[in-house]
1. Is it the case that some residue within segment A:585-592 is at pLDDT 90 or above and of a type in the set (A, V, I, L, M)?
2. If you take the residues of segment A:284-335 that are of a type in the set (Gly, Ala, Ser) and part of a loop (DSSP other than H, G, I, E, B), which of them is nearest to residue A:390 (Cα to Cα)?
3. Name the residue, out of A:76, A:62, A:119, that is within 14 Å of chain B (Cβ to nearest Cβ), at pLDDT 85 or above and touching a strand residue (DSSP E or B) at 6+ places or on another chain (Cβ under 7 Å).
4. Yes or no: residue A:279 among the aliphatic types (A, V, I, L, M), open to solvent by 10 Å² or more (accessible area, probe 1.4 Å), touching a residue at least 60 places away in the same chain (Cβ under 8 Å) and under 25 Å from residue A:160 (Cα atoms)?
5. Residues B:275, B:283: which one is at pLDDT 95 or above, open to solvent by 30 Å² or more (accessible area, probe 1.4 Å) and either in contact with an Asp or Glu (Cβ under 9 Å, 6 or more places away or on another chain) or farther than 21 Å from residue B:358 by Cβ (or both)?
6. From the list A:264, A:315, which one is among the basic types (Lys, Arg), in contact with a strand residue (DSSP E or B) (Cβ under 6 Å, 6 or more places away or on another chain) and crowded, with 23+ Cβ neighbours inside 10 Å?
7. Testing residue A:196 on (1) within 14 Å of chain B (Cβ to nearest Cβ); (2) closer than 30 Å to residue A:170 by Cβ; (3) at pLDDT 75 or above, one condition comes back false. Which one is that?
8. Of A:227, A:279, which residue is modelled with pLDDT of 95 or more and touching a helix residue (DSSP H, G or I) at 6+ places or on another chain (Cβ under 7 Å)?
Amino acid sequence: MKEYFLDKEPKEFKSRVFFALWVVLFAFSVLVIRLWYLQIIRGSHFSELSRTNSIRLIKAQAPRGIIYDRNGGILAENRPGFDLSIIPEDVQDWEKTKKFLTRLAGIDEKTIEERLRKARGRPPYRPVKLKEDLTWEEMVRVAAYKFELPGVDIDVGQKRIYAYNEATTHLMGYLGEISEREYSEFRTEEENPYSPGDVIGKAGAELAFEDELMGINGGKQIEVDALGRLVSVIKNINPYPGNNVHLTIDLQAQIAAWEAMEGRAGAVVAMDPQTGEVLAMVSTPSYNPNDLIDGVSEEEWTAIVQNPMKVLTNRVIQGLYPPASTFKVITAAAALEEGVIDPSTKIYAGPSFKYGNHEYRDWKEEGHGTIDVHRAIVESADTFFYQVGLKVGLERLARYSTLFGFGQKTGIAFTNEKNGLVPTAEWKKRVYGAPWFEGETVSVSVGQGFMLTTPLQLLNAYSAIANGGTLYVPQLVGSVDAPEGVAIRKFTPVEKRRIDISGKTLAVLKDALRGVVAEDGGTARFLNSYGLDIAGKTGTAQVMRMRERIKNVNSIPYKFRDHGWFVGYAPSDDPKIAVVVLVEHGGFGASSAAPVALKVMQAYLEKKPEITPQDGSSGPVAAEKGPPAAGKNDGDGGGDL
Amino acid sequence: MIEKRLLAQIDWILISTTLVLALVGIASIYSATYLEEPSLYQRQTYWLLIGAAIMLPVVIVDYSILDRFAYVIYAASILTLIFALIFGRTVGGAQRWISIGFVSIQPSEFAKLSFILALSKHLSTKDVSRKGLGLEQLIVPSALFVIPFLLVAKQPDLGTALIFFFVFVSMILVVKIKTKILVPSAAAFLAMIPIGWRFLKVYQRARLISFIDPTADPLGSGYHILQSKIAIGSGRFFGKGFTQGTQGSHLFLPAHHTDFIFPTFAEEWGFAGGIVVLALFCILITRGLGVAAAGKDRFSFLLAIGITALFFWHMAINAGMVMGLLPVVGVPMPFLSYGGSFLLTMLLSSAILMNISMRRYIF
């Protein structure tokens, strides 16, 4: 103990304790008087309110914001629909109610039981939804018997409707009832803006722009009688609709992409290379998002989730594929920048390249002869890049890949984007516990081996080449409007980084990409006849090593066929659109993917007449079948190990 | 070592009020939640047993040990608050929890007590003139207050932050502050209110608005207050009987086992029960003041004042809130509300009061 307190005893404070005592006693008197007032004076009033549970909250869901394309075409909007719900507290005769509901609205007892079970733990005065989107007849029948069925309620709800069905599925995403996890964790605010049973965006734009689209729910504080019938509205707060979102999507390019992918699995994404604005995004196979609106049954949902074709996956950002020959441009960039070669360096690119005791084949049986980097890209010469890639080395290949945005998320607003993979020696050591073999660098230099990209990453890298070296964050929203129509937010391009690469190198790459389409021996030569001044690169990603060269794709089982790539932009001197197409198991990129890209570019650059939304359940009109007359079937083969 | 003559000084008033209030709490939690989550009252019982076990050593050791380690305890407490903010588990949007094995603790609860310890220690070493604390002497106490206050407000936990503020002001006023500082700082505080408003979260503003104008938020806190008043009022004189309440168990009341436990209790036990609980609190708090007044040194005096202020503000703000006298801020009722960290903190506080009480005649 210290000394000072002996002469500084707390006595000096003690008078203030008496003051505190008075404060405390005063506070208690106030509380006791208040308790008396509430329980004794107002007791019978509150008792009555409590007995009938008569003060209730009725929620009013805010209409969701509308989603438009860049030209004001409606992609997603709302229509009214009738929902049937029940307030368990008010039901008098369960047997009778269930029987009536089965007869009038076709809701069987099992469904009723299940819905009620799910809602257990919620206040019994809260309505439980039993059936969404009644038909007109059902609604009229139930309404006619409403007074015999206390507790049964019909309310007008907002139903989401997607004008273009499967064509915009992965772009739009879908809605669903808020899950327990989302309810508790999705929000960071303590006062949750959602309540159980609310509808929330689950994927795509509906999820990414949920904050804009959701609006503010309203509601009514009402007084009801013992049968749950409305006596008076005490307070009413109107819901405030969500904001309208204008996507950067071009409807014509979107529909063209979807139609061109008809019957094939894969991904198409188009972008304005000058801004990073996404013009089209299609992933196939798809499903009809309108079918999910009213909550599908458990079996239907399982069928969608377990579909072997993975229909829920948005292949544009979640599909991982070897970039194959499209990657040769990156290898070329690294080699030119690092001085491994210069534009005039000529290398012998024969039918195969021996390294160690492996023989790495070229797709072209007779080889390419002695060529420079320009011709090597035009002809997609594997053996040229095997040698160049080895000299550049894995470490530098990885560095340039990363520079061009591979192996990292592009930063698009959609969730669950995949990273892709740029292999390094450390990575292999960590994951496989094995050292890196030089031979594996040979594969990486032509975009095979461990190298993996999403279609969007690849497009972003090519957009950067097209626009002179700027890597953008892919952008989906142009502007957001308040429900009254006033623009409240406009979005400008977001630069991810400037790729530090010389203009000279970029010019070589761009020349070569144009050559792929414009020059003799170019792998996408047939595109030149459409006059769009297209530049680009084909690619064929190996799914399985083939012992023999097989020209007839149809003779190989589907799951072993190669993936076809095309990535390019047009017009080549002033690019307005960049497109990537991946066709899963489509065989050669030139024959499978390039025609799809052509369709999208045509739709965007040569504006066709307006497209009208398809009505109802029928899918978009089938595209004209088959690729346009492709000269020859000579895609590129990738390095065969 | 515990001495015989120390045993003779056991403060039965503090022990019995503490115990009875905690038992009332468990009974009310049982009644409020046995239908949906019957495990809650059991967990609260375990916490009470753990608390009782920890109380024993806290009562026995001389409180001078608290004096010695006050700053250490304070520093450790601040570190856990920072830890919670960075790594904490988010519940209902606020980062308040740290998981230790199978239990989660809320460091902000224990921080209340360690803050009182540190402030008591600091103020007990200060030579305060007859006029009260000067500006320079206020710097360290303000720093001791502002650090946990901001950390808690950041979580965000407005209720706990308010408690820190009220306890701080209470202790400073008891020590006395120079009038020429008090008046300008009170004026500055009032001037700060519009600025502070901008830092509040949307829901926190909504609660304050709905208090000033209950019709402003009829779907949110306005509705909660109405349902709380219905619960209390419908209890009338004798209440509806144990587990017979409908407002709480039928989920009309939000947080009916935590912040709104008192309405659950008052609905079932009526005015008769409500007045008993208020009386128990009144005894506890006036006894706390008595312990302070009888304290033999400045540290124990200030510590007792701080703890009593902690009890008082928790009780008064919570009761005022559920009866519609104060805005809805998340402040639980001492001993009654569900929550392990909170109950433990309250029991520890009570134990420290007992400790001081037992030693007031011993030199």
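1. No, segment A:585-592 has no match at all.
2. A:319
3. A:62
4. no
5. Answer to the selection: B:275.
6. After applying the criteria, what remains is A:315.
7. Failing condition for residue A:196: (3).
8. A:279
The values are calculated or read from the model by the stated rules, or taken from the named source; none is laboratory data. Worth saying up front: this structure is predicted, and the values here are computed from it rather than measured. Every residue, glycine as well, gets a Cβ built from its backbone with ideal geometry; the counts of neighbours run over all protein chains shown. In case anyone asks, the SASA skips ligands and DNA or RNA and just uses the protein heavy atoms, side chains included. Shrake-Rupley method; radii C 1.70, N 1.55, O 1.52, S 1.80 Å.
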